[in-house]
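Every number here is computed from the coordinates shown, using simple stated rules; none is lab data. From a predicted model like this one, the values you see are computed outputs, not experimental measurements. Methodologically, a virtual Cβ is constructed for each residue, glycine included, from the backbone with ideal geometry; neighbour enumeration extends over all protein chains shown.
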Amino acid sequence: MLKKFTQTNEFLILIIIIVLSTVVGLINPKFFSISTLFDLIRASNVYIILAFALLPVVILGGIDISFIAIAAMSAYATHMFLIARGYTGGILLYFVIACIIGGLAGLLNGLIITKFRLPVFDVSLATQTMWYGFTLFFIGATSNFSIPKGLVGYYANYLAKVTDPVTGDTGLHVSIIFVVVIGVLMHLMLKYTMLGRNIYAIGGNKDVAIRTGINHNKVTIVVFVIMGILSAFAGVLQSAFSRNFNPTLFIGQNLDVLAAVIIGGAALKGGRGTVIGTVLGVLLTQIINRSLVLTQIPAEWQKFFIGLVLIIFTALPALRQKRAARLGLAVKSEVSGS
Amino acid sequence: MDEILLRVENITKRFGGVVALDDVSFTVNKGECVTLVGENGSGKSTMIKIISGIYSPDSGSLFINNKQYTKISPIESLNEGIQVIYQDFSSFPNLSVAENIAINNLVISNTRFVDWKHIKSLAQEGLNKVKVHIPLDALVGDLSAADRQIIAIAKALLADAKLIIMDEPTTTLTRKEVKQLFKVINDVNAQGISTIFVSHKLAEIREIGQRTIIFRNGQKVVDLPSKDLDIKTIEYHMTGHSIDISNLKYSEPKLEEIVLSVEGFTRANAFTDVSFQLHRNEVLGVTGLLGSGRTELALALFGQHPADSGTIILEKKKIKIKSIFDATSNGIGFVPEDRLKEGLFLPQSINNNISAKIIDSLKNKFNFIDGKKKSELSAEWIRRLKVKTPSDELPASSLSGGNQQRLVLAKWLAFNPKVLILNSPTVGVDVGSKTEIHDLIRELASTGMGVILMSDDIPELMHTCNRILMMRKGRIVGDYLREKVDEEELNRQLIADTDPVRVGQEG
C-alpha cells in the first residue's frame, strides 16, 4: 500500500512541495509561519475551486478555456443586478444567483459541443471571447467598488485569527470550508457515482464508452453545468476577496489553472485526474509564486519555474511508459489450475 | 447434444448495387466453435453486423433460440446473449481490470452509485469463468494484448453471453498467448457457450474450430468439419482458384556483392549479437514468433529504436543508425506493419503520398515543387505497381487494403532505396492480394536492391525469400536456404523450445 502511494503523482508533488518549502524557509525564515500558511490557503482557495471546475472536463478528454469568462460574467452580472436593487445582504444570495447564471452558461457550452459534435476547445475559445465581450458591452466595462453592507467584511471573515508583527492581522479564511466540502463532494462524485465512472470511461476511450451504452451527451452536458456552477462560485469568492467586481476577472489565467490541474496528474488526453492531485497542483503553483517573492527572485521567474515544473509533470507519464516498455509489461496473468 | 443456438436463413444484403451477402444460410450449435473465413469483402463482417443488429438484412431471417427475427436490433441481439469482441477489445486503458469487466453490468443496471466491492466480486466471477487470474486492481493499459482479449471474453461471459463472436482475435498475439486463448475458448465451449472465430490465419482454423465456414463473394461456399479441410483446400475455396507455387520466379542473388552487413547487433531486452549479410538481389526472410526480437530488429535497422551496439556496413561503408533520418539518408527504406497508421498520409492524395519521401528532388530552380515532375513520377509508379485508382488526386484512404499496401511500396521505391525492410507486409491482407504482393517483392529484389522481409507467415517466406533467418529469444538460431528446407521444418523450428519467459523480461 505504502509502496503504491510512493509511485503516485500525488506523492511526487508532495515531495516537491516539502523540498521547495524547506529551501525557501532556509533562505527566508518568515516562510515558516502560521500567517504565511493562512495567506497561502486563502489565496489558493479560489484557484482550487476553479481547478475543481475544470477537472471533470479534463478527465472527460477536453480542454476548456471559457470557465474564467463564465466566472467573470456570472459574478459581475449578479453584482450589478443586486446593486441596482439596493441589496445590502451577505454573500449567500450572490452565490445562489451567480451559480444559476454560471450553470446556464456551462449548459450552453455543453449543448453546443454535443449538438454539433464540436471539440471542447474550439467551443470554449468562442464562448470565452463571447462572455467577456457580452459582459463589457451589455453589463458594464469598469470595475465596481460599491460593495453591499453584508459583503464588506467578508474578505476578513476568519475561522481563526493570528497577529503577525510584520504583516498585521491575518487568519484562516472561512472559505476553506467551501473548498473542503466541494472537494469531498467532487471526490465522491468521481469515485462512487456512475456519473463519475462514466466521465473516466469516456476520457479513456470515447468510442467504446458509446458502444457500451454510456449516454455520452448527457455526461458531457452535466460536466459542463458543473464547470459553470463552480466557476461562478469562484468568481464571486475572488471578487469578495478583492472587494471589487471586475468584468475582466481572471482574464488570462485560464492556462495557469489548467497547468495546476495537469501538474496534479490529470492527463490532457483524458481519463486521468484526482481531487487530491488537483489540490496539490494548485498549492504547488501558489507556493512557487509566493516563495519567489519571499526569496526576492524577480516575478518574471515565477512563470519560468511553473513552466519548468509543468515540463517535468507532462514528461512523467511518458518516462514511466518508456521504463515499463524496457522492463517488459508490469502485470502478468496466470492460467489458474485445471 | 446438437441443439441449435443460431440459425441464419437465406440472408441477403445489398449495398447499392453490390451484393454483400447472397442467400446465406448456416447454423451454430450450442457449445460449438465455428471458424469463419473469407477474403476481405467476402461478406464476413457484414454477416457479423447483421447478427449483432448493426445492419438489417434485405431478406431472410435469423433464428436465435428458435425465436425468429426478420431484423434484430442491437439491444435485442445483446439480450439474446450475442456478444461481439472487436479487434480493439473494447477496453478502457485508464480503468482497472475489475471496472473493465463489470462496466457493462453497471451501465445496464442503471444505478447511480458505485459499490466497489460489488464491482470486484462481479469481475472475479467473470475471471473465474475464463479460469484466468489477472490482478483486479491493475490498469488495463498495463496489460498485454492477450490479457485484454481475455478480459473482453470475461466481460462477455459476465453479460450472460450465449454466443461470442471474435473478430481476428489472434492478430497481435504470440504463439503462447494464442494457445492460452484457445484453452479459454475450449473452456467456454464446454460451458455450452458457442463461439464464432473469424481468422485470416489458416493454420489456426484446424486447431480451434470444430466446423469451418468459408465465404466467397457474399456466398457460403464451404461448411464442413474443420478436420476434413487442409490449408490448400481452404485457400482454394477462399480465392476460387488454386495458388500455384511450383513455378514462382525467384530473384537470383549476386552472392559476390554484399549490400548490407550487420555484425554484433545488440539492443538490451530486444535482441543480442545479431549478425548477417544481405546480398544484392536477395530477399532475406527473418522469422520468429512475436517477442523473438524480429520486429525489434527491423525497427533498429530503421533507426526507430536504435541498437545499443554493433556495426552496420552498407555497400562497404561503415554507417551509424541512431535515428530514422540516419536510416533513410543512407538509403534504407521501411514498409511498416501498420500501413494505415505508419505508412501513409491517408487524407492526402495518392500522388502526394508517392512523392512524400523524395519531395526535395522535385524542386525546380525557384525551390518550388515541380507539379509536372510530380505527376509524371506518380503516374509511373501507379503503372509499375498496378495501383488500381481512377485518379492520383484521390486521397489514399479511397484505396482498398491491397492497393494501399502497394502505395506504401511505391512511396519507398520512388525513393530508390539500397535496402528495403518489410515488416509483416501482408498482415490482414487477403490471400489473393497477398500473392500479388509476394510477386512484387520478388520482382523488386531482381531490380538490384536487397530486401529484408520480417514475417511469421512461413508460406509467405517460402514463396518470396532466397534465404531465411530464424530468431528465438533475441538471437539468430538458424540460417536456411529456401531450396534446402521445407515448411514443416521451419514451422517446427518456429515453435520449438518456446520458453514461457518473454525476452523482454530477462535480466
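Taking the mean number of other Cβ atoms within 10 Å as a proxy for protection, how do you rank B:96-104, B:217-225, B:82-90 from highest to lowest?
On the way: B:96-104: 26.6, B:217-225: 16.2, B:82-90: 20.8.
Taking the mean over residues of other Cβ atoms within 10 Å, the ranking is B:96-104, B:82-90, B:217-225.
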Once each part is reduced to its C-alpha centroid, what is the distance from region A:140-206 to region B:247-321 in angstrom? 62
Restricting things to alpha carbons, tell me how big chain B is in terms of Rg and Dmax, in Å. 24.6, 79
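Express the relative contact order of chain B as a whole percentage, based on alpha carbon pairs under 8 Å and six or more residues apart in sequence.
Working: 993 pairs, mean separation 74.1, N = 507.
Relative contact order here is 15 percent.
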FRET efficiency (A:S242, B:D88; Cβ distance; R0 41 Å; to 0.05) is 0.25
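I'd like the FRET efficiency for B:D338 and A:V184, computed as 1/(1 + (r/R0)^6) with the beta carbon distance as r and R0 of 45 Å, rounded to 0.05.
Given R0 = 45 Å and the Cβ-Cβ separation, E is 0.50.
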Answer with one residue from A:T142, A:F31, B:L420: the one whose Cα lies farthest towards the positive end of the charge dipole of the protein assembly as shown, charges on Cβ with Lys, Arg +1 and Asp, Glu -1. A:T142
Could you give the Stokes-Einstein D for region B:4-239 in µm² per second, using the C-alpha Kirkwood radius, 37 °C, 0.692 mPa s? 179
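So what is the diffusion coefficient of chain A in µm² per second by Stokes-Einstein at 20 °C and 1.002 mPa s, using a Kirkwood Rh over Cα pairs? Kindly include the intermediate steps, with their values, before the conclusion.
On the way: Rh = 21.3 Å.
D = 101 µm²/s.
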Report, in whole Å, the centroid distance computed from the Cα atoms of region B:109-177 and region B:195-244. 29
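So what's region B:255-355 giving for Cα Rg divided by 2.2 N^0.38 Å, two decimals?
1.16
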Below 27 Å, Cα to Cα, which lysines can B:K372 reach? Residues fewer than 8 away in the same chain don't count. B:K357, B:K363, B:K386, B:K388, B:K411, B:K418
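Taking the Cα centre of region A:37-254 as origin, work out the dipole magnitude from +1 charges on Lys and Arg Cβ and -1 charges on Asp and Glu Cβ, in debye rounded to 20. Working shown, then result.
On the way: 12 positive and 6 negative charges, 103 e Å.
Its charge dipole is roughly 500 debye.
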Using the charge dipole of the protein assembly as shown (Lys, Arg: +1 at Cβ; Asp, Glu: -1 at Cβ; taken about the Cα centre), state which of A:G168, B:Y86, A:T314 has its Cα farthest towards the positive end. A:G168
Counting only backbone N atoms under 20 Å from a point 7 Å out along Cα-to-Cβ of B:E489, the residues of region B:287-304 in range are B:287-289
Limiting things to C-alpha atoms, what are the Rg and the maximum Cα-Cα separation (Dmax) for region B:1-61, in angstroms? 12.1, 42
Applying a 10 Å radius around every beta-carbon, put A:245-251, A:138-144, A:279-285, B:394-400 in order of their mean neighbour count, most first. A:279-285, A:245-251, B:394-400, A:138-144
From other protein chains only, count the Cβ atoms within 10 Å of every residue's Cβ in B:98-110, then give the mean. 3
Under a point-charge model restricted to the Cβ atoms of Lys and Arg (+1) and Asp and Glu (-1), what is the dipole moment magnitude of region B:346-416 relative to its Cα centre, in debye to the nearest 20? 160
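Peptide A:208-214: average number of partner chain Cβ atoms within 10 Å per residue?
Numbers: counts 9, 4, 0, 5, 8, 7, 3.
Mean shielding by partner chains, rounded to a whole number: 5.
Ranking request for peptides A:26-37, B:454-465, A:227-238: highest mean number of other beta-carbon atoms within 10 Å first, then the rest in descending order. Present the calculation step by step, with values, prior to reporting the outcome.
Values: A:26-37: 15.2, B:454-465: 22.7, A:227-238: 28.8.
So the peptides A:26-37, B:454-465, A:227-238, ranked by packing, come out A:227-238, B:454-465, A:26-37.
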Considering only DSSP beta bridges whose two residues both sit in the protein assembly as shown, what percent are antiparallel, to the nearest 5? 60
Structure-based [θ]222 nm, chain B - -39500 (n - 2.57) summed over DSSP H runs of at least 4, per residue, nearest 500: -10000 deg cm²/dmol
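For chain B, give the magnitude of the charge dipole about the Cα centre (Cβ charges: +1 Lys/Arg, -1 Asp/Glu; no others), in debye to the nearest 20.
Values: 62 positive and 64 negative charges, 215 e Å.
The calculation lands at about 1040 debye.
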With each label point set 7 Å from Cα along the Cα-Cβ vector, what nm distance links B:D223 and B:S323? 5.9
Label B:A268 and A:I210 with points 7 Å out from Cα along Cα→Cβ: what is the distance between them in nm? 4.3
Result row for chain A, helices from DSSP H with C-alpha axial extent 24 Å or more and mean Kyte hydropathy at least 1.6, is A:9-27, A:34-59, A:67-84, A:91-115, A:275-294
Note down the nm distance, to one decimal, between modelled labels 7 Å out along Cα→Cβ at A:K303 and at B:D142. 3.9
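Applying 1/(1 + (r/R0)^6) with R0 = 22 Å to the Cβ-Cβ distance of A:K218 and B:I54, what FRET efficiency is obtained, to the nearest 0.05? It would help to have the intermediate numbers written out before the result.
Details: r = 23 Å, r/R0 = 1.03.
The value I calculate is 0.45.
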Compute the separation of the alpha-carbon centres of region A:218-254 and region B:50-94 and state it in Å as a whole number. 46
